[in-house]
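Have a look at the structure below, then the notes.
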Amino acid sequence: MTGITKKELLYIDGITVDFDGFKALNSLSFIIYYKSMQAIVGPNGAGKTTFMDIITGRTRPTSGKLVYKESINLLKYDEAAIVGLGIARKFQRPSIFPDQSVFENLKLAAFRKKNIINSFFYNQKNLDNEFLMHVIDQIGLDKFIYQKAGLLSHGQKQWLEIGMLLAQEAELLMLDEPVAGMTDEERVRTSELLKVISKEKTVIVIEHDMDFVESLNCPVTVLNDGSVLAEGTMEALKQNKEVIDVYLGR
């Protein structure tokens, strides 16, 4: 791989994670670009979760480079510091505050970014309520602002958590199977939401639902055995014999 350019947000070069002889990632190399969306797919055990763990600081690689914003070596930072750099992750199951309202959930997420979430006494002026209202509109929960988050539908909870990443002012959003358990209508709305977000942010989507991935109309990277098997559009990958044999044909 050549050096990073200004259009490249995340530069992954030769990342290997060796767990006592088992290589969860095996010289993994590819690039994530600014203000774009990238889908990551692959069979179970392909290395998708470990890939996210590396970027968010939960796991340290055995070798390789991970460069963010041209010059930041992410391997020198812990999880909390990486959040502060603008990288946020959403797990498959929504992680919200069920007894708090939609608006309060977003406020708490914003406080986390400011490193004051654990402070009992906080200054409301530290938050831009207009910005949070914009986030609520963006995720389609404007009719549920003061409703307890625990009363939302499954899909709405997923949108709320995406909104919480936006409230943190994350620049790189990593989403793990965001449409798992959603209705068809919710999947369509989620696809449209992520397309809008990716105009201003960078979005990485880990997903098994190939119809949903195709609806995103974004570049797709196929992982297998901890390495990149293929990259391209979903339409092209469906014609790739290796991808069919390893993943799509299952």
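Taken together, the values in this text are just the output of simple stated rules run on the coordinates, not laboratory data. Predicted model, so just to flag it, every value in this text is computed and none were measured. Here Cβ is always computed from backbone atoms with ideal geometry, including for glycine, and neighbour counts include all displayed protein chains.
Bin width 5 Å, alpha-carbon pairs only: give the P(r) of segment 1-103 as whole percents, running from 0 to the bin holding the largest distance.
3, 11, 20, 23, 20, 12, 6, 4, 2, 0
Return a whole-number percent for the relative contact order of the chain, with Cα pairs under 8 Å and 6 or more residues apart as the contact set.
In percent, rounded to a whole number, it is 26.
Say we join alpha carbon atoms closer than 10 Å with springs in a Gaussian network model of the chain; which of A170, A180, A109 then has the biggest fluctuation?
Among A170, A180, A109, the largest mean-square fluctuation in the Gaussian network model of the chain belongs to A180.
In debye, nearest 20: dipole of the chain around its Cα centre with unit charges on the Cβ of K, R (+) and D, E (-)?
Using Cβ point charges on Lys, Arg, Asp and Glu, the chain gives about 620 debye.
For semi-axes √(5λ) of the Cα gyration tensor in Å, the listed values are [x] 39, 19, 14; [y] 31, 22, 16; [z] 40, 20, 17; which was obtained by calculation from the structure presented?
Given [x] 39, 19, 14; [y] 31, 22, 16; [z] 40, 20, 17, the structure-derived one carries the label [y].
Taking the Cα-to-Cβ direction at H154 and at K199 and moving 7 Å from each Cα, how far apart do the two end points lie in nm?
3.0 nm
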